[in-house]
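The values are calculated or read from the model by the stated rules, or taken from the named source; none is laboratory data. Since we're looking at a predicted model, the values are computed, not measured. Cβ placement follows ideal geometry from the backbone for every residue including glycine, while neighbour counts extend to all protein chains displayed. Side chains are part of the model used for accessible areas, which takes the heavy atoms of the whole protein and leaves out ligands, DNA and RNA. Shrake-Rupley method; radii C 1.70, N 1.55, O 1.52, S 1.80 Å.
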Amino acid sequence: MKLTQTLELYPDTRVTQMLFKSVKNAAELRQKAVEGKINGALINPTMLVDPFQVLVAANKAFHLHSIGNMKTRSLNSEIIFSLSPTNNISDAFKRFGLSDRDDSVLVVVVHDKDELQAVADITAMVDGQQLPVDQVSSLSDLEKIRKLYKVTPQEETCGSLLDAVVCRMAIKDVM
């Protein structure tokens, strides 16, 4: 159900993703996240193509966190910001963060290799049905994703939508 991966540059650090649908307490979860009572990033899965996209964002956010160069105030908010193709923080939260009306959520927790309590705590807080993370594409709104990342049909003939999205995420700091 959950997906836990190691960050290559930080072998003692893990990124765990958990996907939920039919979530009934999104407003409560979002409020707890704002108050800092949830140690994880709450992401709207309709804007995600694949779990790899989230791993890239978490990897970038953790690296910026470790060198003290984040643009946001916390690691979890930096993960959400890293998903965005633009440098507008509030826009990133509107598009990728959990809103009160959402009925699905992807939870991302960055933790030490032996620390699993945060994952269990968040799982217990979500009032919804847990799905395998690799089913995130079943919740995706591909047209909204193409429009946000400005992916053309021609671009998808030589690569995948995931390739285009990850490229946009990676180059936003250079452009």
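Express the C-alpha Rg of region 110-171 as a ratio against the empirical globular expectation 2.2 N^0.38 Å, rounded to two decimals. Let's see the in-between values first.
Details: Rg = 16.5 Å, N = 62, 2.2 N^0.38 = 10.6 Å.
My calculation over the Cα atoms of region 110-171 gives 1.56.
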Length gained when the stretch R101-D121 is fully extended (0.36 nm per residue, less Cα-Cα span): 5.0 nm
Taking the reciprocal of mean 1/r across every pair of different Cα atoms in region 49-142, the Kirkwood radius in Å is 14.5 Å
Just in region 94-167: which trypsin sites (Lys or Arg not before Pro) are loop by DSSP and have at most 15 other Cβ atoms within 10 Å? R101, K113, K150
With θ set to phi - 60° and the Karplus curve 6.51 cos²θ - 1.76 cosθ + 1.60, what are the ³J(HN,Hα) couplings of region 143-150 in order, to the nearest whole Hz, using x for Gly and Pro? 5, 5, 5, 4, 5, 4, 8, 6
Taking GluC sites (Glu not before Pro) in a DSSP loop with at most 15 other Cβ atoms within 10 angstrom as exposed, one finds the longest site-free stretch of the chain at 36-114
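Report the per residue volume, in Å³, of the convex hull enclosing the C-alpha atoms of region 3-172.
Values: hull volume 18.7 nm³, N = 170.
Spelled out: Cα convex hull of region 3-172, divided by residues, is 110 Å³.
What accessible area per residue, rounded to a whole number of Å², is obtained for region 3-172 using a probe radius of 1.4 Å?
Numbers: 8420 Å² over 170 residues.
Value returned for region 3-172: 50 Å² of accessible area per residue.
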Linear extension gain, R73 paired with K94, 0.36 nm per residue minus alpha-carbon span: 5.9 nm
With a 1.4 Å probe and every protein chain kept in, tell me what percent of the accessible surface of the chain is carbon plus sulfur. 52 percent
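For region 1-80, report the % of Cα-Cα distances exceeding 18 Å.
On the way: 1429 of 3160 pairs.
Cα-Cα pairs in region 1-80 separated by more than 18 Å: 45 percent.
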Diffing region 102-108: the Karplus 3J(HN,Hα) column from phi (6.51, -1.76, 1.60, θ = phi - 60°), in whole Hz with x for Gly and Pro, holds 5, 10, 9, 8, 10, 9, 10
